[in-house]
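The values are calculated or read from the model by the stated rules, or taken from the named source; none is laboratory data. As the structure is a computational prediction, the values presented were derived from the model and not from experiment. Please note: Cβ atoms are built from the backbone with ideal geometry, for glycine as well, and neighbour counts cover all protein chains shown. Accessible surface is based on the protein model in full, side chains and every heavy atom, while ligands, DNA and RNA are left aside. Shrake-Rupley method; radii C 1.70, N 1.55, O 1.52, S 1.80 Å.
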Amino acid sequence: MRMVDIIEKKRDGHALTEQEIAHFIQHYTNGDIPDYQASALLMAIYFRGMTRDETVQLTLAMAHSGMMMDLSDITDYVVDKHSSGGVGDKTTLIVLPLVAACGVPVAKMSGRGLGFTGGTLDKLESIAGYRVSLSDAEFRALAKQHGLVLCGQTGELAPADGKLYALRDVTATVPSLPLIAASIMSKKLAAGANGIVLDVKWGSGAFMHTLEDARALAQLMVNIGADAGRDVVALLSDMNQPLGYAVGNALEVQEAIETLQGGGAPDLREHCLEVAWQMLRLAGRGKQWQDEDETRRMLAAKLANGEAFDRFRTMVEAQGGDVRMVDNPALLPQAQHAHTLYAERGGHVAACEALRVAQASLALGAGREKKGDPVDHAVGVVVHVKVGDKVQQGDRLATVYANSTSSLEEALPLVKAAFTLSDAPTAPLPLFYGVIEATAR
Ligand code: URA
């Protein structure tokens, strides 16, 4: 098989066969196919698209390019979640202990933040000593012992994706729906999940800027899951304003702890309860947790009675983290400067743009511009209002936490520009815009 023929076929708008896709992935991953040919194929896919079958074959080939996790010795049904990335998205820190507190084991590998999107591992590393690098044996032992483990990849999952993603990044081929869907789903399939809840966000702080694009991506991913024999449900959620109040690593851990203790921002809490409910629904496979109202009440109770928090605390301890920081979040890394912005006039909050808050957070050092950059765990932004809130002149809008005056000066105008106040009342933003399940072929 010649790569040039595969490129030509896709260039001319024809569907590739399973063998052609497998050839490309196998030989690109092992270095036989050069970047210039892979780039040409990616660009042809970008313009010509892929059929559902091609996208599934691409996903499966990418998933099988490295280690395929088998967690059947831990549980007979592995349930996982994935967020398409957002601003202030600390959902995993809350949902995993919550689901584990309901007796469903969760063993999850998360990632680091890049650009304006935060990463769960960076947030966890705000807790001194927390080990995100575990061996495969440790990962399995913790999952068995505590029913909960949260770390980085223990082996090379879907290495084809790592290589292709880096190439897409520099060849303007990232925004292709089949390529995005295959990239996300290949990692989930390789991680061994039977059931996956996808949290697909749209808005100024999300990968997808329109609801239509988010819906199309979600549909494609649940279809891939169905064709690959997995149960997948996608939630379409809002990312026009930050999720919850806090943006920044330690600030988000603190907010997650508050939520796990029954408090926290109402939107974050509702968001987490929905994701957790969908995970339980999949894990129950129609036999357990059939009564939705009762299950939702049980989930709320696990937050209120401290069981979810206890699970989080146990996980932190088991992974070497300093639990004094969990018991007393004032011990988490603290920034040197805190500057609060106040409303210059009364009105209704019409926008609290997630992207601007994320840019401010990046300027403060909470995120990384490129892979490998260090992050400052202490800094970030806490917004005090949400879209739809009424404010009086002098009310707090946001507090910016910085470790240098220069970064504070850079961040303040961005945070200020995030807010739009209007004279007319504004409606709160919806948390969710729909649930997507697989469609039959
Ligand atoms: N996230 C991924 O993992 N891959 C993409 O292509 C886009 C977002």
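Worth pointing out:
- Scalar couplings 3J(HN,Hα) for segment 296-308, obtained by applying the Karplus form with A = 6.51, B = -1.76, C = 1.60 to θ = phi - 60°, are 5, 5, 4, 4, 4, 5, 5, 6, 5, 8, x, 5, 5 Hz; x denotes Gly and Pro.
- Probe 1.4 Å - accessible area at residue 104, Å² to nearest ten: 10
- In sequence order, segment 283-288 has phi-based couplings of 5, x, 6, x, 10, 10 Hz under the Karplus curve 6.51 cos²θ - 1.76 cosθ + 1.60, θ = phi - 60°, and Gly or Pro positions carry x.
- Amide H contacts under 5 Å for residue 433, placed H, 5+ residues apart: 236, 237
- Listed residue pairs exceeding 25 Å between alpha carbons, taken from 10/163; 187/287; 188/370; 9/81: 187/287; 9/81
- According to the Kirkwood relation over distinct C-alpha pairs, the hydrodynamic radius of segment 3-63 is 11.3 Å.
- Unit charges on C-beta of K, R, D, E only; dipole of the chain, Debye: 60
- Where N is the number of residues in segment 91-171, Cα Rg divided by 2.2 N^0.38 Å: 1.23
- Once backbone amide H atoms are built at 1.01 Å from N, residue 342 has 397 as its partners under 5 Å, excluding neighbours fewer than 5 places away on the same chain.
- Comparing mean-square fluctuations of 111, 152, 31 from a GNM of the chain with C-alpha springs under 10 Å, the top value falls on 31.
- The chain: calculated mean residue ellipticity at 222 nm from DSSP helix runs of at least 4, using -39500 (n - 2.57): -14500 deg cm²/dmol
- Heavy-atom accessible surface of residue 133, to the nearest 10 Å², is about 90 Å², with a 1.4 Å probe and all protein chains retained.
- Segment 280-434: proportion of alpha-carbon pairs further apart than 22 angstrom, %: 61
- Annotation: amide H-H contacts under 5 Å for residue 384 (H modelled 1.01 Å from N, sequence separation of 5 or more, or interchain): 398, 399.
- Treating each Cα of segment 1-127 as one equal point scatterer and applying the Debye formula with no solvent, the log10 of I(q)/I(0) at q = 0.12, 0.21 Å⁻¹ comes out as -0.69, -1.12.
- With an a/c value of 1.5 or above and a/b not larger than b/c for the gyration tensor axes a ≥ b ≥ c computed over the alpha-carbon atoms, segment 151-219 is described as oblate.
- Residue of 66, 205, 88 that the Gaussian network model of the chain assigns the largest fluctuation, springs spanning Cα pairs under 10 Å: 66
- Square roots of five times the Cα gyration tensor eigenvalues for segment 217-291, Å: 28, 17, 10
- Accessible surface area normalised per residue over segment 334-422 is 47 Å², counting heavy atoms of protein chains with a 1.4 Å rolling probe.
- Scalar couplings 3J(HN,Hα) for segment 58-63, obtained by applying the Karplus form with A = 6.51, B = -1.76, C = 1.60 to θ = phi - 60°, are 4, 4, 5, 4, 5, 4 Hz; x denotes Gly and Pro.
- For segment 334-422, the Rg and Dmax computed from alpha carbons only, in angstrom: 13.3, 43
- Pairwise alpha-carbon distances in the chain exceed 31 Å for 41% of all pairs.
- The GNM of the chain, with springs linking C-alpha atoms under 10 angstrom apart, assigns the highest mean-square fluctuation among 166, 301, 354 to 166.
- One quarter of the surface of the convex hull around the alpha-carbon atoms of segment 251-301 equals 3.6 nm², the direction-averaged projected area.
- Largest first, the residues 8, 294 sort by 1.4 Å accessible area into 294, 8.
- Accessible area per residue (1.4 Å probe, heavy atoms of protein chains only) ranks 76, 122 as 76, 122, with the largest value leading.
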